[in-house]
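Undergrad: The structure that follows is given in the form of structure tokens.
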Amino acid sequence: MRSVPAVELLGYSFFAGGLEDLRNVVENAVEQGRKLHIVTVNPEMLVFRDPHFLKVLASAELRLPDGIGVVWASRLLRCGMLQRLPGIEVAEAIMTWGSERGWGVYFLGAREDVVQQAAQVMQRRYPGLKVCGCHHGYFTNDAEVVEDIKRTAPEVLFVGMGVPKQELWIARHREALPVKVFMGVGGSFDVWAGKLPRAPLLFRSLGLEWLWRLLLEPRRVQRVVPAFFRFGLRLLGEKWRGWYNTG
């Protein structure tokens, strides 16, 4: 397998390639039977204070620069060039590759009607894809869900429970599952099911999908704005240390 392009940023190694590079990594994981936990990272996640989540973030096999702030941070700190890989687009790319290779996928999260609709839409969009099953995210018994995923044995598991719940769930159960590729997809099920619109192309091209989500869900402001300032302060601290050490 070719080496994975990487950039070190804020104590984490980030995937620094494009979709074709990512395709090689994902296909190799499936073919060689290796577990691959993909985390799509935005600035808010880098200033989380939950030590359990930070441990999972550090131990994941692949961290992708999802938020535009992560890309800007790599440029500000001059630690390498990252290209943004939006999580929803990565998930759709994985399903494209899976449809070509006959992979099985499982959808976990959201309301029952939403996850079922999302699974049906993706099955129609990618006819070669095997949708092994789906389950809503409002369960209290993990064991039943784990057994269903074991029974259906998908190659790929998409978990849409929001951050950090989806990453913690994956970390807790990954070794017990036959899955090869795990990925948290946040609110993507709602988009695929047609319950929420994705950001218009202009917002996407400018890296402003986060602003579009704030417009759709204003309650997120009380969480996102403080995280934005913490992230900015962390970047300033890193920049100052860089100046001090080279001064």
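The values are calculated or read from the model by the stated rules, or taken from the named source; none is laboratory data. Just so we're clear, the structure is a prediction, and the values are computed from it rather than from any experiment. Glycine also receives a Cβ, built like all others from the backbone with ideal geometry; neighbour counts cover every protein chain displayed. Each accessible area value is taken on the protein alone, full model and side chains, heavy atoms only, with ligands, DNA and RNA left out. Shrake-Rupley method; radii C 1.70, N 1.55, O 1.52, S 1.80 Å.
Undergrad: What full-extension length gain, to one decimal in nm, is calculated for Glu20 and Ala58 as 0.36 nm per residue of separation minus the Cα-Cα distance?
TA: 11.3 nm
Undergrad: Sticking with this structure for a sec: Of the candidates Phe53, Phe203, Phe158, which one comes out as most mobile in a Gaussian network treatment of the chain with C-alpha springs shorter than 10 Å?
TA: Maximum among the listed residues: Phe203.
Undergrad: So if we plug the beta-carbon distance of Ser13 and Asp113 into 1/(1 + (r/R0)^6) with R0 = 30 Å, what FRET efficiency do we get, rounded to 0.05? Provide the component values of the computation, followed by the final result.
TA: Numbers: r = 39 Å, r/R0 = 1.29.
Taking R0 as 30 Å, the efficiency between Ser13 and Asp113 is 0.20.
Undergrad: Now a separate question. Using only the alpha carbons of the range 1-119, determine the length spanned along each of the three principal axes and report them from longest to shortest in whole angstroms.
TA: Extents along the principal axes, in whole Å: 41, 36, 23.
Undergrad: What pairs from Lys55/Lys180; Lys35/Lys195; Lys35/Lys130 go past 26 Å between their alpha carbons?
TA: With Cα atoms farther than 26 Å apart: Lys35/Lys195.
Undergrad: For the residue pair Arg174 and Leu76, what label-to-label distance in nm results when each label sits 7 Å from Cα along the Cα-to-beta-carbon direction?
TA: Placing both labels 7 Å along Cα→Cβ, they lie 2.8 nm apart.
Undergrad: Positive end of the dipole of the range 22-127, charges at C-beta (+1 Lys, Arg; -1 Asp, Glu), about the Cα centre: which of Trp103, Gln116, Val70 has its Cα farthest in that direction?
TA: Result: Val70, furthest along the dipole toward the positive end.
Undergrad: Right, next: How long are the semi-axes of the equivalent ellipsoid of the range 89-143, defined as square roots of 5 times the Cα gyration tensor eigenvalues? Whole Å, largest first.
TA: Details: eigenvalues 93, 25, 18 Å².
After diagonalising the Cα gyration tensor, the semi-axes are 22, 11, 9 Å.
Undergrad: Hey, if you drop one equal point scatterer on each alpha-carbon of the chain and run the Debye formula without solvent, what base-10 log of I(q)/I(0) do you get at q = 0.11, 0.12 Å⁻¹?
TA: -0.58, -0.70
Undergrad: Determine which aspartates and glutamates satisfy two conditions relative to Lys165: a Cα distance under 20 Å, and not lying fewer than 8 residues away in the same chain.
TA: Excluding near neighbours in sequence, the set is Glu44, Asp50, Glu61, Asp66, Glu112, Asp142, Glu144, Glu147, Asp148, Glu175, Asp190, Glu217.
Undergrad: Let me ask something additional. Which of Pro178, Pro65, Pro226 moves most in a GNM of the chain, Cα contacts under 10 Å?
TA: Between Pro178, Pro65, Pro226, it is Pro226 that shows the largest mean-square fluctuation.
Undergrad: Please compute, over every Cα-Cα pair in the range 111-247, the percentage with a separation greater than 17 angstrom.
TA: 70
Undergrad: Please give the charge dipole size of the range 63-215, origin at the Cα centre, charges +1 on K and R Cβ atoms and -1 on D and E Cβ atoms. Round to the nearest 20 debye.
TA: Rounded to the nearest 20 debye, it is 480 debye.
Undergrad: Measure off, as a whole percent, the carbon and sulfur share of the 1.4 Å-probe accessible area of the range 66-107, all protein chains present. Could you put the intermediate results ahead of the total?
TA: Details: 770 of 1570 Å².
For the range 66-107, the apolar C and S fraction of the accessible surface comes to 49 percent.
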